[in-house]
Ligand SMILES: Nc1ncnc2c1ncn2[C@@H]1O[C@H](COP(=O)(O)OP(=O)(O)OP(=O)(O)O)[C@@H](O)[C@H]1O
Ligand SMILES: [Mg+2]
């Protein structure tokens, strides 16, 4: 029986196989010294193999959280176990790239070694970003109808008030003309004209008109203010340039999201906010807004799914050590334990087609991770769910740094 694995077949020597593998493979001592590596590692790090051999792995990898050199954990994975971490690789040209690193302990001839398999995540991250952008557009599309409705109500009463003001103006014009004529009339005609003016004032219900005009103006201005506020929130919310870093008040970002998403929850829930004064947070604001929106829509869905009774969504913010904490709670269905470990998976959904595609929490997870934060869930079936987000005050790798 002839097989392609026949020993001696020149292209299938272990070295050739190792070099054909697209992932970078690095053999390390337990202290992190590079003992051997394959060709892929060469292009991966942008240094020739000869230069890399004997180096410390900590010179090639950094932790994305703080940009510090990464070293092998003192506790190596147990034999047979695999340890995975996401790090950043340092390329010879000075660039950084996201890496998934998997470690396995290797016992060879009584010696302990570590085998590290590194995969470049650049492409995966790009896809994640595209997906996120697509979901944002979808969310904005979904919000558009609700926002049109939110704007329509004040626009309608601004219109009603303007029409009333137009009528009042016509009345006042008639009255003013009478007064003018009275002023210009010879003295003996003033008496009868005064009587006519008094009758006109009664006919026009002048007392009411004079009372209603300031109210109509006030309401009109209030309506215009509301429209302007919604438009501003919408603009803030949907700022397309998600690469932009800003330092913002997260309470205000949450208020904005509540405003643009009002139509998504107002029929099923009352919203309570419990905001503490927060330090400004450096972030990609439009991405965090998208996270808040996703959580808010999920909360509204969970409340609607529970039954016809009106529920409550609570937004709570607190400063915590080195950062801020945001809790978004609902009194909805809760999440069954059987699916709890899958809710952050891309495309995991329990919703019917058209209502959910399972991207909301996957994107929330990505965005919060990118911000160096954490997102966790506390839930009780039949009682409700709380999503807890913790964010540091500064972004992990300041892209606006040394340059
Ligand atoms: N607040 C919540 N209460 C109860 N279940 C929830 C809550 N949030 C999420 N879930 C569950 O987690 C699943 C995944 O949520 P996710 O937001 O990722 O997707 P989706 O809401 O189904 O769809 P999409 O967000 O893409 O419209 C939901 O289908 C739902 O089963
Ligand atoms: Mg969702």
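Of the residues making up the stretch 273-287, those that are more than 16 Å from ligand 2 (Cβ to nearest atom) and touching a residue at least 60 places away in the same chain (Cβ under 8 Å) are 279, 280, 281, 282, 283, 284, 286. Of the listed requirements (1) loosely packed, with under 15 Cβ neighbours inside 10 Å; (2) closer than 30 Å to residue 392 by Cα; (3) modelled with pLDDT of 90 or more, residue 94 misses just one: (3). Of all the residues in the stretch 357-374, those that are surrounded by 17 or more Cβ atoms within 10 Å (Cβ to Cβ) and within 13 Å of ligand 2 (Cβ to nearest atom) number 7.
When the stretch 332-356 is filtered for residues that are within 6 Å of ligand 1 (Cβ to nearest atom) and free of Cβ contacts under 8 Å to residues at least 12 places away in the same chain, the ones remaining, listed by number, are 349, 350. On inspection, residue 294 qualifies as in a helix (DSSP H, G or I), within 10 Å of ligand 1 (Cβ to nearest atom), touching a helix residue (DSSP H, G or I) at 6+ places or on another chain (Cβ under 7 Å) and in contact (Cβ under 8 Å) with a residue 24 or more places away in the chain.
Among the residues of the stretch 311-331, none qualifies, meaning not one is within 11 Å of ligand 1 (Cβ to nearest atom), assigned by TED's automatic domain parsing to the domain that holds residue 270 and surrounded by fewer than 18 Cβ atoms within 10 Å (Cβ to Cβ).
Annotation: of all residues in the stretch 38-69 being under 23 Å from residue 111 (Cα atoms) and in contact with a helix residue (DSSP H, G or I) (Cβ under 6 Å, 6 or more places away or on another chain), the one that is surrounded by the fewest Cβ atoms within 10 Å (Cβ to Cβ) is 49.
None of 164, 139, 116 is under 30 Å from residue 205 (Cα atoms), surrounded by 15 or more Cβ atoms within 10 Å (Cβ to Cβ) and in contact with a helix residue (DSSP H, G or I) (Cβ under 8 Å, 6 or more places away or on another chain) except 164.
The values are calculated or read from the model by the stated rules, or taken from the named source; none is laboratory data. This is a predicted model, so every value here is computed, not measured. With ideal geometry, Cβ positions are generated from the backbone for all residues, glycine too; neighbour counts draw on all protein chains shown.
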